[in-house]
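The values are calculated or read from the model by the stated rules, or taken from the named source; none is laboratory data. A quick note: this is a predicted structure, and the numbers were derived from the prediction, not measured. Note that each Cβ is placed from the backbone with ideal geometry, even for glycine, and that neighbours are counted across all protein chains shown. Remember, those area values only see protein heavy atoms, side chains included, never the ligands or the DNA or RNA. Shrake-Rupley method; radii C 1.70, N 1.55, O 1.52, S 1.80 Å.
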Amino acid sequence: MITITHYLVLSAILFTLGVVGVLIRRNAIIIFMCIELMLNAVNISFVAFAHYLNSMQGQLFVFFTMTVAAAEAAVGLAIIVAVFRNKETVNIDDINIMKW
Amino acid sequence: MEAYLFYIVATIAVVAGVYLIFEKNPVFSALYLIQTMVCIAVLYILLEAQFIAAVQVIVYAGAIMVLFLFVIMLLNLNIKEEAKNALPFQRIPAVVMGIVLFAAICMILKSKLLQGKHGEYTTAYVNTVGNTKLIGNLLFTDYLLPFEITSILLFVAAIGAIMLAKRKL
């Protein structure tokens, strides 16, 4: 029998993988993909709670999260392309112009 | 049957996630992320959220990941670029802190904090009306204002992306 805990533990594993990916990778695009993985992990929690609490609000929140993720991906990738045109790299160690 | 499907799909999702963060080639990373997202769509169907599952495949695995792959191939990244790692000692502490974060989340799950009031949308009721119809009803009655704000957000994001791509920065 699959309970809500199974889904929440899976969600926690995927979220942790996303966090570790953000910390260890140096490629800006892969860091961005890890952020998408974290958003997906949270969406699993939303839908699992919605199902086990007989509610519909969780699914609506996932809908809005997906919209925000789409907007974020469009703007973020545009920023990465703009940075690449100026500095010829997407390695975040080389993009340190805002570092104090 | 349902339990076996959950375990198989969850294992595939986690393994693809691990490959996503340790893969050297960004194109393969994007493909592993698509794998994870399709597995998550299967989990949504197991949770009886059919509309969300379809949107997950169309929007995430379709639109957003095509955007990622497009940018990766447009930039034509050098795979050896990550060889010169400025912080080589960050890997092990990052993995250790990730395990600590996972343990912290599991401690929250073990506590009795995660309890809520049960709603009125039971599985039998949702199946008589239909998942998509219920979501549409709620979206255009109770959640009309957030829905309209979402459209403004997408509009602003489209303008921002065009400006960033066009302007000589």
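Here are the numbers:
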| quantity | calculated |
| --- | --- |
| Å³ per residue enclosed by the Cα convex hull of chain A | 105 |
| Estimated buried accessible area (total), pair A and B, 1.4 Å, Å² to nearest 100 | 7000 |
| The range A:24-66 - accessible surface per residue (Å², probe 1.4 Å) | 23 |
| Accessible surface of chain A [probe 1.4 Å, protein heavy atoms]: carbon and sulfur percent | 73 |
| Number of partner chain Cβ atoms within 10 Å, mean per residue of A:27-40 | 6 |
| Computed log₁₀ I(q)/I(0) - Debye formula, equal Cα scatterers, no solvent, the range B:123-169, q 0.28 Å⁻¹ | -0.93 |
| Within the accessible area of the range B:1-79 (1.4 Å probe), percent carbon and sulfur | 75 |
| Mean Cβ neighbour count within 10 Å, used as a protection proxy, ranking B:148-156, B:63-71, B:12-20 highest first | B:12-20, B:63-71, B:148-156 |
| Listed residues B:Lys110, B:Lys133, B:Lys24, most fluctuating in chain B (Gaussian network, C-alpha, under 10 Å) | B:Lys110 |
| Å² of accessible area per residue within chain B, as computed with a 1.4 Å probe and no ligands counted | 63 |
| For chain B, with +1 on Lys and Arg beta carbons and -1 on Asp and Glu, the positive-most of B:Leu138, B:Ile152, B:Ile8 along the dipole | B:Ile152 |
| 0 to 90° range, to nearest 10: angle between helix A:28-52 axis and chain A longest Cα axis | 10 |
| Eligible aspartates and glutamates near B:Lys133 by straight Cα distance, threshold 18 Å, same-chain separation 8 or greater | B:Glu48, B:Glu120, B:Asp142 |
| Partner chain coverage, peptide B:148-161 - average Cβ within 10 angstrom | 4 |
| Virtual spin-label span in nm between B:Leu144 and B:Val96, 7 Å along Cα→Cβ | 5.6 |
| Assigned charges on the beta-carbon of Lys, Arg, Asp, Glu; the protein assembly as shown dipole about Cα centre (debye) | 680 |
| Within the accessible area of the range B:123-169 (1.4 Å probe), percent carbon and sulfur | 71 |
| Cα-based shape type of the range B:1-156, given that a ≥ b ≥ c are square roots of the gyration tensor eigenvalues and the cut on a/c is 1.5 | prolate |
| Globularity ratio of the protein assembly as shown, using Cα Rg and 2.2 N^0.38 Å | 1.06 |
